[in-house]
Amino acid sequence: MTFQELLSGKGINWDKVKLVRHNLTNDVVAANYERGYLNLYQSIQSPTRFKGCDIVVCFLGKEGTNGVFQGCYHVGNFKPYSQSQLPEDFVLDGGMIDGSPVIYELTQLDLLSDMKDRIIIDWGKGAINWCQNGTTAKELLEIRPVVSEIDFTSYDKVLLSYETLHKIIYNKAAYKEWEDKLSAVAGVYLITDTKTGKHYVGSASGEQGGIWGRWSEYARTKHGGNNLLKELIAADSDYCKNFQYSILEVFPIKKDKHEVLESEKLYKKKLWSIQFGLNDN
C-alpha cells in the first residue's frame, strides 16, 4: 500500500502536491525542529519551488530512508524574504537565502492531523532529493498506534524534563489528556535548573491558554522569553536539558490574571527565586 492510496477518496489532485522530507541529521533542520520552526523552515524557498502547488506533505527523515509524517499544508501566497520577519533564535542555512528566496504561506490542514509521527513511509533510494512530486509513490511501512508513555495523574505530581515536555507538546494525539488538563487551568509553575538547583517561578493565565499555552512556549523556544533563561540558552542551546517543570498551584482557567500574578509573587518570596534563583523581577 502507498501513502497516496491511504488518502484515496479524499479528492486530492496529486499533480498539485509536493512531498518534502527534512532530514534530522542536518543540524539546521534539527535545531529549527526543536524550536518548533519546522513549518517556517520549509516555508523559505525559491519562488518556483511550490508554484502551482495546492498541498505540501511534510515528512521527517530520522533513520535510513524512512519518512515520519508531520502534516499536510495548504500552499497560499508568498512574500519576499526578509530576515527581520524571522524569530531571533531561528537557525539559517546559507543555502536557504541564495538567490531571491520568498516565504510561502503554508497553513496546516486537518487532513491526517491525528497521524503526526505515526505514519512511516519509505522515501526511496533518492533520499537526497528532499522535494518530490506528489505522484511519486511512497510505500507505507507502518501506522504506529497511539501510545502515551507518560500518563497524567494529578497536577501536584507533574514533574517533567524538557525532553518529556517537548514530546508531550508536539505529540498531541498521544498526549491529548495532558493538553486537556493543562489547558483547563491557570496556575503558578516552577522550573528548576537541575545543574545548579536554582529556581524560576512563573505563572499562566487563561489569556495565555492556561499552563498548556505557556509551557508550549518553553517547548518551542526553550526559554519562554524569560531573561535569565535566555542567557543560559544563548550560552548553550542544549542547556534546556537541565530544566525540570512542575506545578506549584492551579486555579480555574477564568481566574483573574492579577490574582494569579499575586500568587506568583508569593512563591517567589517563599523560594527566594529573585535573590538566589532565575527570576529577575
Distance in nm between pseudo-label sites at F276 and E207 (7 Å out along the Cβ direction from Cα) = 3.3 nm
In whole angstrom, how far apart do the alpha carbon centroids of region 249-268 and region 1-80 sit?
-> 41 Å
Label-point separation in nm, E149 to Q244, each point 7 Å along Cα→Cβ = 1.9 nm
Output ordering of 18-24, 163-169, 133-139 (per-residue mean of other Cβ within 10 Å, highest first) is 18-24, 163-169, 133-139
FRET efficiency (K125, A30; Cβ distance; R0 25 Å; to 0.05) is 0.60
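As an exercise, use a Förster radius of 22 Å and the Cβ-Cβ distance of L40 and D98 to find the FRET efficiency, rounded to the nearest 0.05. Show your work: numbers first, answer last.
Working: r = 18 Å, r/R0 = 0.81.
Efficiency, from the Cβ-Cβ distance: 0.80.
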If you take every DSSP beta bridge whose two residues both sit in region 3-143, what share of them, in percent to the nearest 5, is antiparallel?
-> 75 percent
If each residue's Cβ is checked for other Cβ atoms within 10 Å, how do V57, V75, V28 rank with the fewest at the top?
-> V28, V75, V57
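Kindly provide the Kirkwood hydrodynamic radius of the chain in Å, to one decimal, from all pairs of distinct alpha carbon atoms. Kindly include the intermediate steps, with their values, before the conclusion.
Numbers: mean 1/r = 0.0484 Å⁻¹.
Taking every pair of different Cα atoms in the chain, averaging 1/r and inverting gives 20.7 Å.
Report the gain in length on full extension from S84 to S183: 0.36 nm times residue separation, minus Cα-Cα distance, nm rounded to one decimal. Before the final figure, lay out each step's value.
On the way: separation 99, 0.36 × 99 = 35.64 nm, distance 3.17 nm.
The S84-S183 span can extend by a further 32.5 nm.
Residue separation times 0.36 nm, minus the C-alpha to C-alpha distance between D15 and K269: what's the value? Could the numbers behind the result be given before it?
Working: separation 254, 0.36 × 254 = 91.44 nm, distance 6.14 nm.
That works out to 85.3 nm of additional length.
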Peptides 174-180, 66-72: what's the order by average Cβ count within 10 Å, highest mean first?
-> 66-72, 174-180
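In region 155-271, how does Rg compare with the Kirkwood Rh, expressed as the Rg/Rh ratio over alpha carbon atoms?
Numbers: Rg = 13.5 Å, Rh = 14.3 Å.
So for region 155-271, dividing Rg by the Kirkwood Rh gives 0.95.
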Tell me which lysines have Cα within less than 23 Å of K265's Cα, excluding those fewer than 8 residues away on the same chain?
-> K157, K198, K222, K230, K254, K255, K257
Search the structure for amide H atoms under 5 Å from the amide H of V158, placed 1.01 Å from N in the peptide plane, and list their residues when 5 or more places away or on another chain.
-> I247
What is the spin-label model distance, in nm, from N133 to D156 if the labels are put 7 Å beyond Cα along the C-beta direction?
-> 6.3 nm
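Just so you know, all these numbers are worked out from the coordinates, no wet-lab data involved. In this text the structure is predicted, and so the values were computed from the model without any measurement. Note that each Cβ is placed from the backbone with ideal geometry, even for glycine, and that neighbours are counted across all protein chains shown.
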